[in-house]
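**Student:** Mind looking over this structure? Questions follow.
Values in this text are rule-based calculations from the coordinates and carry no lab data. Quick caveat, the model's predicted, so the values are computed rather than measured. Every residue, glycine as well, gets a Cβ built from its backbone with ideal geometry; the counts of neighbours run over all protein chains shown.
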Amino acid sequence: MSLDYLHQVKRGIDYIEDRLDAEIDLAEVARHAGISHWHFQRIFKALTNETLKTYVRSRRFASAQHKLAHTNERILEIAFSSGFDSQETFTRAFKKAFGVTPARYRKTKESSRFPRKVRFDEEYLTHLHRGVSLHPELYVQPEMTLVGMNTRFFSVDSEKNNIAVRLPNLWGAFLPRLAEIPRTVPGVCYGIVRQTPEKTDELDYLAAIEVDDVSWLPEGMVDFHLPSARYAKFAHRGHPQRVDQTVNYIYSSWLARSGMRHTYGADVEFYGAGYQQESEDSVLHYAIPVADSDQP
């Protein structure tokens, strides 16, 4: 995929982002990109694995989530600006996608960690094309007992973003102490990402390894039980520091059109034999717990 095409697709996406609250003519999107309508949609689908129409719908959902969490705009007005003809149809579609009604989402912010603003640039589009498995492995993750060290952090989606400091420091402190942990299951280390009990935009992160049993905990470490659940697991190929681009694709594109919803359980990072800390040849995996949208 040439850089010219990536730049043109980016222009079309910018046009969409500027008009999420208005009518969007897909042919006009292609015109601003400087590509024919048919050709633009074909390139867009090849890059993102979704149609232009579903992309616009998912971005409007993300915009609606942001308004519900951060503004006092009425739900009816949000429904209209999201392209729905009534509050009722918006509520049904929102609940199907996210498992809660817009009103409950606004009241509890129980989904506050999941809205993501798409950062579409040439680097991100290139990563979609080469570095992320657009079709995940759907599987049942067996329950696991983990032991590790944890911290709290603000992700790249927060104005308080400190992920570049907190997580490398945590792994730097944890990995040299692996030998202190009894009864480990070797081969893979795990990063567990959870929303904090306060349900703010701060997240809890555990750097850990699986154990057969917890007989005792080394000083400064904690244990965590990951229950069995259905997961969607994606490969991230490329420098580990760009894993946020894979996570961004999962939440901003794949989840919104998958017919599934996040269960609000823990996300899991897998650091196995393919992981190389500072290499473009690194491979790691990122998984989210999912259920069918129509399941309670």
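**Student:** Run the helix sum for the chain: -39,500 (n - 2.57) per DSSP H stretch of 4+ residues, divided by residue count, reported at 222 nm to the nearest 500 deg cm²/dmol.
**Tutor:** Result for the chain: -11000 deg cm²/dmol, rounded to the nearest 500.
**Student:** At a 10 Å Cβ-Cβ cut-off, how would you order Asp25, Asp267, fewest neighbours first?
**Tutor:** With the sparsest Cβ surroundings first, the list reads Asp25, Asp267.
**Student:** Which entries in Lys67/Lys96; Lys67/Lys233; Lys45/Lys107; Lys45/Lys67; Lys96/Lys160; Lys45/Lys95 show an alpha-carbon gap greater than 24 Å?
**Tutor:** Lys67/Lys233; Lys45/Lys107; Lys45/Lys67; Lys96/Lys160; Lys45/Lys95
**Student:** Let me ask something else about it. For the chain, build the charge dipole from Cβ charges (+1 Lys, Arg; -1 Asp, Glu) around the Cα centre, then report which of Gly187, Ala235, Gly272 sits farthest towards its positive end.
**Tutor:** Value computed over the given set: Ala235.
**Student:** Once the Cβ-Cβ distance between Arg74 and Ala164 is put in as r, and R0 is 45 Å, what FRET efficiency do you end up with, to the nearest 0.05?
**Tutor:** 0.75
**Student:** What are the ³J(HN,Hα) values, in whole Hz, obtained from phi via the Karplus relation 6.51 cos²θ - 1.76 cosθ + 1.60 with θ = phi - 60°, for each residue of the range 169-175 in sequence order, with x given for Gly and Pro?
**Tutor:** Each residue of the range 169-175 in turn: 5, 5, 5, x, 7, 7, 4 Hz.
**Student:** Whole percent per 10 Å bin, from 0 to the bin with the longest distance: what is P(r) over all C-alpha pairs of the range 137-292?
**Tutor:** Histogramming the range 137-292 at 10 Å steps yields 10, 40, 39, 11, 0 percent.
**Student:** Here is a further query. Could you give the C-alpha radius of gyration of the chain expressed as a fraction of 2.2 N^0.38 Å, taking N as the number of residues it contains?
**Tutor:** 1.06
**Student:** Explain nothing, just the number: dipole magnitude of the chain about its Cα centre with +1 on each Lys and Arg Cβ and -1 on each Asp and Glu Cβ, in debye rounded to the nearest 20.
**Tutor:** 820
**Student:** Once amide H atoms are built 1.01 Å from N in the peptide plane, which residues 5 or more positions from Asp267, or in another chain, come under 5 Å H to H?
**Tutor:** For Asp267, the qualifying residues are Val193.
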